[in-house]
Every structure is written in C-alpha cells, then in structure tokens.
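Take a look at the structure below.
No lab work stands behind these numbers, since they all come straight from the coordinates. What you are looking at is a predicted structure, and each value in this text was computed from that prediction instead of being measured. So basically every Cβ, Gly included, is an ideal-geometry build from the backbone, and we count neighbours across all protein chains shown.
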Amino acid sequence: MNPEYVTAKLVLNIYHDALQKHIQSHLEPNPFNMQPYLSNLSQLYASTCQLSNTLLEKLKLGSDTTFLLKLNKKLFDGYLEGYIK
C-alpha cells in the first residue's frame, strides 16, 4: 500500500465523518430568519475551502488534483442546492 493512498483514505474519512458531522451540527435553517444560517454556511464553506487548499499544498494525494474539491462539493451540495432554489 502506498503512502499517498493511505493519506487520501485518511482525508476522505475525516471529510465524510468528522467534518460532515461538524457542518451538520452548525447548519440548522430557520425559515423565518435565514441570515444566521447563511452566515454560518458562508463561514463553514470558506473554512473548508481553506482547509482543502492547505491540505493540497502540504499533502501528496496522488494524481487526482480535484480530490479535495470533489469532497467539498459533496459536503455542501445539499446546502447550496437549497439556497440556489
């Protein structure tokens, strides 16, 4: 097993478990007051993108340079999709 695969698997598990739970716990929409929800969504999205950029710079995750972008998209698709509608 090569180190890049192990690192990518670890990052995947962190994004799909801990980070996803953290995001879900901080994003509870209130249809009567969407401002706090949208502020939290913006902050969490920006922080997650920053994390992804830092990891991309520091770690070797194989040949797929879009790996972390795909993880971000998967984490936020449901929230952003609802906002766009």
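Cross-link partners of Lys70 among aspartates and glutamates, defined as those whose alpha carbon lies under 18 angstrom from its own and excluding same-chain residues fewer than eight positions apart: Glu4, Asp17, Glu57, Glu81. Each of Met34, Met1 was scored by other Cβ atoms within 10 Å of its Cβ. Listed from fewest to most, they are Met1, Met34.
At an R0 of 30 angstrom, the distance between the Cβ atoms of Asn33 and Asp77 translates into a FRET efficiency of 0.80.
Once the chain from Asn2 to Thr66 is taken as fully extended at 0.36 nm per residue, the excess over their C-alpha distance is 21.1 nm. With N the number of residues in the chain, Rg(Cα) / (2.2 N^0.38 Å) evaluates to 1.21.
Charge tally around Asn2: other residues with Cβ under 12 Å, Lys/Arg +1 each, Asp/Glu -1 each, net +1.
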